[in-house]
Amino acid sequence: MPSALILIADGTEEMEFTIVYDTLVRAGVKCTSVLINPANNSGEDQGTAQCSRGIQIVPDTSQSQLSLSSAAEYDAIIIPGGAKGAETMSQSLYVQFLVRDFYQKKKHVGMICAGSLVAQTSQLPHQPLTSHPSVKEQLDKDFDYREDSVVVSGNLITRSKLNFPTSLGTAFPFAFALVEGLCGAQKRSEIVTPMVFPSGTPL
């Protein structure tokens, strides 16, 4: 069974986290959410993440409970957006280490919206990438920035809000790209159909 780590922090965008988590579970992927603490945190886990709209989410585990060696056993790592949460993750040495390790081992690395900042702080190689427009200027000099809703560059999958009325809309095609990478095109088709998206939805 494929497995994925989905990171979360205070300020993470709720829907980007939950849509990806739910979609991967529907595809049979074993998901584990990991609470990431700010760099200035004393080391105490707070138990919940207060997301960007104030919704409290209880993660499956935390960075203090999940060793780097245990984390490395997963097949994918996913970084949601949300400005405050993305900033916390991009500054985390724990996250940077994991992202580099997963990337170098050709495992799937997914970054949503402002979460793409982690590609920069983790010093991933210059390659095609996208993000929320608010962080485009920061990423443009280090990457081949693309104006696409979802960009797949080898084992790095990123997404933005482009071509959608809101950034949240691209969480679904981003999640489906991860499903295809982890489980194959047939599994992607199997889970998309029962969701009954309106005709013409770009997926």
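Since every read-out is calculated from the coordinates, none of them should be taken as a lab result. A quick note: this is a predicted structure, and the numbers were derived from the prediction, not measured. Positions of Cβ are backbone-derived with ideal geometry, glycine not excepted, and every protein chain shown enters the neighbour counts.
Can you tell me which residue is surrounded by the fewest Cβ atoms within 10 Å (Cβ to Cβ) among those in the stretch 67-81 that are more than 17 Å from Gln120 (Cβ to Cβ) and small (Gly, Ala, Ser)?
Looking at the filtered set, the residue picked out is Ser69.
Tell me whether the stretch 96-107 contains one or more residues that are in a helix (DSSP H, G or I), under 10 Å from the mean Cα position of the chain (by Cα) and of a type outside the set (D, E, K, R).
No, that holds for no residue.
Which ones in the stretch 53-85 are of a type in the set (Phe, Trp, Tyr) and out of contact with any strand residue (DSSP E or B) (no Cβ under 7 Å at 6 or more places or on another chain)?
none
Show the residue pairs meeting these rules: Cβ distance below 7 Å; 6+ apart or different chains; first residue within the stretch 179-199 and without any contact (Cβ under 8 Å) to a residue 40 or more places away in the chain; second residue not in a helix (DSSP H, G or I).
Val192/Leu203; Phe197/Leu203
Which one of the conditions (1) part of a helix (DSSP H, G or I); (2) surrounded by fewer than 22 Cβ atoms within 10 Å (Cβ to Cβ) does Glu16 fail to meet, given that it meets all the rest?
Result: Glu16 passes all but (2).
Please find, within the stretch 108-127, the residue that is nearest to Met15 (Cα to Cα) out of those that are of a type in the set (Val, Ile, Thr) and assigned to a helix (DSSP H, G or I).
Applying the filter and picking the extreme gives Val118.
Which one of the conditions (1) more than 19 Å from Asn155 (Cβ to Cβ); (2) touching a helix residue (DSSP H, G or I) at 6+ places or on another chain (Cβ under 8 Å) does Leu98 fail to meet, given that it meets all the rest?
(1) is the only condition that Leu98 fails.
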